[in-house]
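Enquirer: Submitted below is the structure of interest, expressed as structure tokens.
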Amino acid sequence: MHRENTKTVRIGDRIIGGGNPVLIQSMTNTKTQDVAATVAQILELERAGCEIIRCTVPDMEAAEALSEIKKQIHIPLVADIHFDYKMAIAAMENGADKIRINPGNIGGPDKVKAVAEVASGYGIPIRVGVNSGSLEKRLIEKYGGVTAEGIVESALDKVQMMEEAGFYDMVISIKSSDVLMCVKAHELLAERTAYPLHVGITESGTVRSGNIKSAIGLGLILNQGIGDTVRVSLTGSPVEEVKSARLILRTLGLRREGIEVVSCPTCGRTEIDLVGLAERVEKLVEDYPLNMKVAVMGCAVNGPGEAREAQLGIAGGRGEGLLFKEGEILRKVPEEQLLDALKEELEHWK
């Protein structure tokens, strides 16, 4: 099922599925009970481009904190629930825009039905989540281990539980830290359901290794037209998750917002601190809501030509650089003034 044809689901003031833009999600790592810290992190994530935020709700204090958190943020709030159906109900009563549960571990069909009834009453969707690490023993035995087929069967079993409770406003999430298994599972699931899918490579690792695994896995999945929301799961700041997700979506042509920075790998011709300059440029452009490409090149001879697709850029020389726009050289600038010159152009970009 291509994302153009998946069922539409409303999460707060946003709609996913049915060809709507793939939305970026992250999860707070603060204690949800600490309202001030949680709100501060969510606002930082909003500035980075996060569009849906999930908070863990392990107890009633956390559930009640959602009410105050929601008043101070501007994006849909998802409550992450494990084991206790009462937490799911409390989260919805305190303003959660969506809840994430595994219907198989919250206490049986009667508890599932209780959650479904409250969600229906509030008009709140439910994300049904299955993780390869929690695959049922019977499915492990059936398929001879943890497999993509087992993950998909487990997910569809949970969907059926919700449907039997009369609930159909769902998003499905299946995750694995095995990249190729995760890709295969999404391919199999997309063939068998019209519900929108939240995609991610779970437990992918640190910012370095996790980004590589996520880029490969999410790229393979999203490029097939599968996936309606996305999270890059990293061991680190959730802000890095959002930055990475934005870059993955932009690279795949699924989102256009933001400035893309391209830079050369350097060589023996480089006469300026290109590595440091490129890093500073990448940081600088985060604050500009422009849809364009900026190039940082190390060679004043080939730079403008190699970066002709960039709207704005720098080509380094010996202690100086050429500032160019739309492939044409604007002027020569001393190395220490290159960043400021680039910033000035961005400030006046139309």
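Enquirer: Go through (1) closer than 22 Å to D228 by Cβ; (2) more than 27 Å from the chain's Cα centre (by Cα) and name the single condition N102 misses.
Expert: Exception for N102: condition (2).
Enquirer: Just to check your reading of the model, which residue among A119, A63, A96 is aliphatic (A, V, I, L, M), modelled with pLDDT of 95 or more, under 20 Å from G17 (Cα atoms) and in a helix (DSSP H, G or I)?
Expert: A119
Enquirer: Okay, moving on. Determine which single condition A114 fails, assuming it passes every other condition in (1) open to solvent by less than 40 Å² (accessible area, probe 1.4 Å); (2) under 25 Å from S132 (Cα atoms); (3) part of a helix (DSSP H, G or I).
Expert: Just one mismatch for A114, condition (2).
Enquirer: Sort out which residues of segment 9-26 are open to solvent by 10 Å² or more (accessible area, probe 1.4 Å) and part of a loop (DSSP other than H, G, I, E, B), and write them in order of number.
Expert: G12, D13, G18, G19, N20, P21
Enquirer: Here's a check for you: in segment 171-229, which residue that is of a type in the set (A, V, I, L, M, F, W, C) and in contact with a Cys (Cβ under 8 Å, 6 or more places away or on another chain) is nearest to N20 (Cα to Cα)?
Expert: So the residue we want is I221.
Enquirer: Separate question: Of all residues in segment 212-243, count the ones that are buried (at least 21 other Cβ atoms within 10 Å of the Cβ), over 20 Å from N29 (Cβ atoms) and not aliphatic (A, V, I, L, M).
Expert: Total meeting the criteria: 3.
Enquirer: Can you tell me which residue is farthest from the chain's Cα centre (by Cα) among those in segment 244-264 that are farther than 22 Å from G205 by Cα, in contact (Cβ under 8 Å) with a residue 40 or more places away in the chain and open to solvent by 20 Å² or more (accessible area, probe 1.4 Å)?
Expert: C264
Enquirer: Turning to a different aspect of this structure: Let me confirm something: among V275, V296, V285, which residue is free of Cβ contacts under 8 Å to residues at least 24 places away in the same chain and not hydroxyl-bearing (S, T, Y)?
Expert: Sole residue among the options that is free of Cβ contacts under 8 Å to residues at least 24 places away in the same chain and not hydroxyl-bearing (S, T, Y): V275.
The values are calculated or read from the model by the stated rules, or taken from the named source; none is laboratory data. Values in this document were obtained by computation on a predicted structure and should not be read as measured data. Heads up, the Cβs are rebuilt from the backbone with ideal geometry, glycines too, and the neighbour counts pull from every protein chain shown. With ligands, DNA and RNA removed, areas are computed over all heavy atoms of the protein, side chains included. Shrake-Rupley method; radii C 1.70, N 1.55, O 1.52, S 1.80 Å.
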